[in-house]
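The values are calculated or read from the model by the stated rules, or taken from the named source; none is laboratory data. What you see is a predicted model, and the numbers here were worked out from it, not measured in a lab. Note that each Cβ is placed from the backbone with ideal geometry, even for glycine, and that neighbours are counted across all protein chains shown.
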Amino acid sequence: MVIYGVALLAFSSLLGLVLGDWLGALIGVKANVGGVGFSMILLISLTAWLTKRGWFQPLSASGVVFWSGMYIPIVVAMAAQQNVLAAIKGGPLAFLAGAIGVVLSFALVPLIARIGRPKRPEEK
Amino acid sequence: MIDLLNQAFVKNGLLTGFVVVGGLMWFAYFLADRLTRGRIHGSAIAVFGGLVLAYVGGRLTGGKNGLADLPVFAGIGLLGGNMLRDFSIVATAYGASFDDLKKSGLPVVVALFAGVIVSFLCGAAVAVAFGYRDAVSIATIGAGAVTYIVGPVTGAALGATSEVIALSIAAGLVKAIIVMIATPLVAKVIGLDNPHTAMIYGGTVGTNSGVAAGLAATDPKLVPYGVMAATFYTGLGCLLAPSVLYLATRLIFPH
């Protein structure tokens, strides 16, 4: 049934977020640390385990796949409720503080991506 | 008649949200197809359209939730709120490869630390350039350049003024919005076309909503990898900014 997939997804999400809150409290930080990440690992492991035993049928999977397909529209709805006005009102200081960091972060990505990537023969 | 219609839209807010976002998506994909011949991804235009609507909403109501502050569009707030956002992001992990995730472990840790520290330094440097000389304000604005959550958390912990906290939130918002818009444009240049780089990107850039929307507009298949790494970014920022990074700032500006 479709609800099995939705329920499994909701269960993984909840448990992961709780773990993230705990980890945050544990290291004394007022934020969720890794919650969505834990939820994802839970979902991947649970569905793999259940599928191997034949307990996770395609119809159940469609309950997960639907929500994964809703992701982009949900992100668009999220964009539509950002405080764009405050970002613009922050003036040049806020703009530069945000923008310069983004540019440098983007520039770092290809550099850090070299670590741990399987080396090609032409690289030493 | 108009009243009745209006009432129905408000009462069934989530359904109104589906219709509005569905219409926006259709229009964005139509524009992407006709105007840019698919060179700019439809979802990138849709996200940008969402931001424009958020600005319009903010101008009309003066509130801070963009379009969702208009009662008719309150359902957008539920649809794009944290609960459904996290729920659908987790769903994208279905079918992601565990091995790809594990392989990138160490470089992601490097990316997280490098991303938080570099963003903090940029924000702090800009604060100094604009005349701030006290460590609390400099660190709070630096923290805002990490994410718009790290900024106020740090500001509250250090006792920054509300003006500085507002600036730090604005810096974080600017970052998230630029990431949303710029990611699909620079994706090719930074090699963002595989799970490994997506995780590094998520760890370095970090701001949750920016990464989520930026990757969606680049390649939805990469979303779970980037988000998986980014999910630790704000937490790490909240850990480092009010402690180590603030203390380092105070060494240079001892007030």
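Numbers for the structure displayed
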item	result
Some residue of the stretch B:121-137 being among the aromatic types (Phe, Trp, Tyr) and facing chain A (nearest Cβ under 8 Å)	yes
Flag if residue B:184 is assigned to a helix (DSSP H, G or I), in the same structural domain as residue B:239 (by TED's automatic domain parsing) and within 30 Å of residue B:252 (Cβ to Cβ)	no
Yes/no for residue A:19 being more than 7 Å from chain B (Cβ to nearest Cβ), under 26 Å from residue B:75 (Cα atoms) and assigned to a helix (DSSP H, G or I)	no
Residue within the stretch B:128-143 that is buried (at least 24 other Cβ atoms within 10 Å of the Cβ) and free of Cβ contacts under 8 Å to residues at least 24 places away in the same chain present	no
Residue count, the stretch B:37-62 (criterion: assigned to a loop (DSSP other than H, G, I, E, B) and either closer than 18 Å to residue B:185 by Cα or touching a Lys or Arg at 6+ places or on another chain (Cβ under 6 Å) (or both))	5
Per-region count, the stretch B:243-255, residues modelled with pLDDT under 90 and crowded, with 24+ Cβ neighbours inside 10 Å	0
Those residues of the stretch B:166-206 which are more than 7 Å from chain A (Cβ to nearest Cβ) and polar (S, T, N, Q), in sequence order	B:168, B:183, B:194
Scope the stretch A:60-69; condition modelled with pLDDT of 90 or more and either crowded, with 19+ Cβ neighbours inside 10 Å or more than 30 Å from residue B:73 (Cβ to Cβ) (or both); matching residues	A:60, A:61, A:63, A:64, A:67
